[in-house]
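To start, the structure under review is shown below, and the notes come after it.
The values are calculated or read from the model by the stated rules, or taken from the named source; none is laboratory data. Only a predicted model underlies this, so the values are computations on that prediction, with no experimental measurement involved. Here the Cβ positions follow ideal geometry from the backbone for every residue, glycine too, while neighbour counts run over all protein chains shown.
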Amino acid sequence: MKKKPLLPLIAALAISLSGNAAVNAKEIDFSPKASPVFNKAAEFADQELVIRFKSGIAKEEKLKIMSKVQGKELDKQSRGNFSLVSVPKGTDLKQAAAALMDSKSVDFVEPNYQLQAQYTPADPFYSKQWYLNKIGMPKAWDTSRGTSDVVVAVVDGGIQTSHPELSGKVYRPYNSITGGKTVPPDDHGTHVAGIIAASSDNKGTTGIAPNVKIMPVNVFDGEYADAYFIADGIIYAVDSGADIVNVSLTTDEYPAIVDYAVKYAADHGVLIVAAAGNEGVKKLQYPAALNSVLGVSAVDSLDKITAFSNFGTYIDFAAPGLNIYSTVSKSSYHYMSGTSMASPVVSAISALILSKNPFLTPNEVTNILKASAVDLGTAGRDSQYGYGRVNASDALVKTPAPLSPVTLSDKTLIENGTNKANISFDAPKNTKVSLYVQNSQGKIVRHLIKDKPWSGGTVSFAWDGKLGSNAYAPDSRLKIVAKAVKKSHTRLKGTYLSVDDQIVPEINFSGSPVTFSPAVKGKVTIPFYVNKNVAGLAEIRDTNGNVVKSLFTDKPFFGGNRLLEWDGKNTAGARVKDGKYTVHLSMKDKDGRTAPEAVFPITIDTAAPKAAVSNSTSIFKMDGKTKITANIRLFEQTKLSVNVVNSKGTIVQKLVSGKTFSGNVTSSWFGKTLKNVYASDGSYHFQITLADPSGNTRVINVTPFKLINLRK
């Protein structure tokens, strides 16, 4: 598989192109009334009108005026008193505008014109790239110049990765010959890469998709590339995240291993584009003639097939391939001709399609290329031009959006505990979808749907206004964002929702009543929930209703789960007496709506627990069957630990460890130690540790007993 030689360099002329008009906005006087203009040559939304109402018009009057044409206000702009109004499908906009203009409260009506930019690169060699205008790039670039998450693999002879036009956009390079990451700076591969993605940076040339990534894959060893290494390069590109693989190589021998690699790519949703070859003959050329590969012939500036281009039934599309000016190694630029140059044109347009909608399958991309191609030669598909010469601008027009607009049942959610905003959007199959709410700072405040596998169609959610804190959103303008993800591709769509907060505050303490010992624990923490943003008052009262301490007054709280703290002290800073107390919490929102008072009981208990203890005997004759028992009578529910301790104070056995009991408890010892051997003669005693729910503790050392080991 041999590359085409480089054609002689033709001198370059630099040209500077520009053009951005600035419009200064100012208040416009529309008096006397102007007749609405509906220019047939202009493009405008077919179900929308822009109305300017007179200042001070009442809402009821606006609704009455709009009802003349069954209009619904989609949005309004207070500066200038403009409203964007939708009318039923099929409405004659000119007649509707005239009806609205009859009202004295209407200053102006016009269609919602759709304006279009015209982007022209200022790269000095742009004028040498005749093919860019031919395939409709200026208009296409208004839609997309590519995105960095779309990757085109150039399976070729390597590229100059440091070329000023390609630096910074090289992704995971691979040398199939060496297995390494370094690729040679090949002229042919660099030329192909520049056609696809040379930077639009006011320097040199511009690529068709200047913002996409390039994956250079070298498959050449000298002047030739073997089928094995081409297949290896294609498989590497697929496994490494390429969306499109461009192969500007040909052979007339069927390579089974390359066919396998192409099928592998198709099975993994990767598009393969290949050159038809440059012998000027009608014969099958591979890999262009393989199934699932788009075969590309070359045309000149007059849309005529070039003398060198191969042709045949395997041709899917034609693209410019004569005198193509692009990047070459040594940071330079040259003209080249060949189907090798036509193939990357198709790859680059496909990259723009995927940049707009990365969730399309290779078959869907191909269908868009077919539907947008300029039919040349015999009507319909033919062996020279395939389905026709590719056209980027029409292809992007025919590319569906990855996500539909996010629609709302109403642009304002009136929060009252029962109302919900119905949210919906369409997402493609085989994606994971998410739906979330952002505040004005762009922070996500609620995940409505998160990474849900989607089989395609409409995604719906009814939102009641609650945030991630489970509290209602305050009066605000929030952004509802839909997201779809597939592999490394993510696309977002958003719309705005206003929240009108009419929620009455509610407070709920959570958890059981608390028993607290300030002597053990410095403070007690009491959790509560409030359903919205409020300002609150909290105070501690005794059993007579007297205020012991005010914790705070008019303290602001965000809605959600919150905490109160009390150190067990009164207003004077002294510790309160043991007994029962209550926390009283009251809240109100910014509009003065008050929550019913919430009350939470707290018991202050600083007294250590008590118990009556005794031994079952004072002399323990240990024979392995006899036991000695500690008799314990608890006066309250207590967490109990019982250990056996020798005369040196060392624990020799643990009988009970931190279990809760009440009433009478017995704990027995047969004489074995922690090492599971029988204890030696000596003096021992039971050590009883008591802990109450407040954390107060008491240690009781029971009267010692004498142990006599009868097992000697």
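A few comments on the model shown:
- Considering region 242-271, and only residues there that are charged (D, E, K, R) and assigned to a helix (DSSP H, G or I), the residue that is farthest from Ser337 (Cα to Cα) turns out to be Asp267.
- For region 219-275, taking the residues that are in contact with a Lys or Arg (Cβ under 8 Å, 6 or more places away or on another chain) and aromatic (Phe, Trp, Tyr), the one that is nearest to Thr178 (Cα to Cα) is identified as Phe220.
- Candidate set from region 375-396 (those that are more than 17 Å from Ala348 (Cβ to Cβ) and among the aliphatic types (A, V, I, L, M)); member that is surrounded by the most Cβ atoms within 10 Å (Cβ to Cβ): Leu376
- Test result for Lys429, in contact with a Phe, Trp or Tyr (Cβ under 7 Å, 6 or more places away or on another chain), over 26 Å from Glu506 (Cα atoms) and not aromatic (Phe, Trp, Tyr): yes
- Hits in region 671-694 (condition: more than 15 Å from Val656 (Cβ to Cβ), surrounded by fewer than 16 Cβ atoms within 10 Å (Cβ to Cβ) and not β-branched (Val, Ile, Thr)): Lys672, Lys675, Asn676, Ser680, Asp681, Gly682, Ser683
- Odd one out for Gly295 among (1) assigned to a strand (DSSP E or B); (2) in contact with an Asp or Glu (Cβ under 8 Å, 6 or more places away or on another chain); (3) farther than 19 Å from Ser383 by Cβ; (4) of a type outside the set (S, T, N, Q): (3)
- Residue in region 127-134 that is buried (at least 20 other Cβ atoms within 10 Å of the Cβ) and outside any helix (DSSP H, G or I) present: yes
- Among residues of region 622-650, those that are within 13 Å of Tyr678 (Cα to Cα) and either in a loop (DSSP other than H, G, I, E, B) or assigned by TED's automatic domain parsing to the domain that holds Thr515 (or both), counted: 5
- Tabulated pairs, region 411-429, first free of Cβ contacts under 8 Å to residues at least 12 places away in the same chain, second crowded, with 19+ Cβ neighbours inside 10 Å, C-beta under 9 angstrom, 6+ apart or interchain: none
- Counted residues, region 298-313 - those being surrounded by 24 or more Cβ atoms within 10 Å (Cβ to Cβ) and assigned to a loop (DSSP other than H, G, I, E, B): 2
- The condition (being at pLDDT below 80 and either assigned to a helix (DSSP H, G or I) or touching a Ser or Thr at 6+ places or on another chain (Cβ under 6 Å) (or both)) is satisfied by just one residue among Pro138, Pro121: Pro121.
- Note on region 46-103: residues that are in contact with a strand residue (DSSP E or B) (Cβ under 8 Å, 6 or more places away or on another chain), closer than 21 Å to Leu408 by Cα and among the charged types (D, E, K, R) amount to 6.
- Candidate set: region 497-517, residues that are assigned to a loop (DSSP other than H, G, I, E, B) and polar (S, T, N, Q); chosen: the one farthest from the chain's Cα centre (by Cα): Ser517
- Members of region 691-712 that are closer than 17 Å to Asn615 by Cα and not in a loop (DSSP other than H, G, I, E, B): Val699, Ile700, Asn701, Phe705, Lys706, Leu707, Ile708
- Filtered residue count, region 656-668, keeping only those that are in contact (Cβ under 8 Å) with a residue 24 or more places away in the chain and either over 16 Å from Pro693 (Cα atoms) or not assigned by TED's automatic domain parsing to the domain that holds Lys639 (or both): 5
- Boolean, Asp187 is touching a residue at least 40 places away in the same chain (Cβ under 8 Å), closer than 22 Å to Leu354 by Cα and acidic (Asp, Glu): no
- Condition check for Val520: closer than 30 Å to Ser240 by Cβ, of a type in the set (Val, Ile, Thr) and either modelled with pLDDT of 95 or more or assigned to a loop (DSSP other than H, G, I, E, B) (or both): no
- Consider region 275-292 and keep the residues that are in contact (Cβ under 8 Å) with a residue 60 or more places away in the chain and not in a strand (DSSP E or B). The one that is surrounded by the fewest Cβ atoms within 10 Å (Cβ to Cβ) is Ser292.
- Qualifying positions in region 154-184 - part of a loop (DSSP other than H, G, I, E, B) and polar (S, T, N, Q): Gln160, Thr161, Ser162, Ser167, Ser176, Thr178, Thr182
- Residue count for region 484-528 under the criterion of being in contact with a Leu (Cβ under 9 Å, 6 or more places away or on another chain) and without any contact (Cβ under 8 Å) to a residue 60 or more places away in the chain: the result is 2.
- Counted residues, region 365-407 - those being in a helix (DSSP H, G or I) and more than 30 Å from Tyr436 (Cα to Cα): 11
- Selection count, region 151-184, where residues are within 33 Å of the chain's Cα centre (by Cα) and closer than 23 Å to Pro320 by Cα: 7
- The number of residues in region 431-470 being within 18 Å of His489 (Cα to Cα) and touching a residue at least 60 places away in the same chain (Cβ under 8 Å) comes to 1.
- Within region 576-603, residues that are within 15 Å of Ser510 (Cα to Cα) have Cβ atoms under 6 Å from residues that are small (Gly, Ala, Ser) and surrounded by 13 or more Cβ atoms within 10 Å (Cβ to Cβ) in these pairs: Leu585/Ala538; Leu585/Ala598; Glu597/Ser586, counting only partners at least 6 apart in sequence or on another chain.
- Options Ile503, Ile480, Ile540: the member that is closer than 28 Å to Lys580 by Cα and either in contact with a helix residue (DSSP H, G or I) (Cβ under 9 Å, 6 or more places away or on another chain) or at pLDDT 95 or above (or both): Ile540
- Pairs where the first residue, in region 191-220, is without any contact (Cβ under 8 Å) to a residue 40 or more places away in the chain and the second is surrounded by 24 or more Cβ atoms within 10 Å (Cβ to Cβ) and in a loop (DSSP other than H, G, I, E, B), C-beta under 6 Å, 6+ apart: Ser199/Glu165
- In region 338-359 there is no residue matching the filter, namely being touching a residue at least 12 places away in the same chain (Cβ under 8 Å), over 40 Å from the mean Cα position of the chain (by Cα) and part of a strand (DSSP E or B).
- Pairing each residue of region 104-130 that is among the basic types (Lys, Arg) with any residue that is outside any strand (DSSP E or B) and modelled with pLDDT of 80 or more, provided the two are 6+ apart or on different chains, yields C-beta distances under 8 Å for Lys104/Lys54; Lys128/Thr205.
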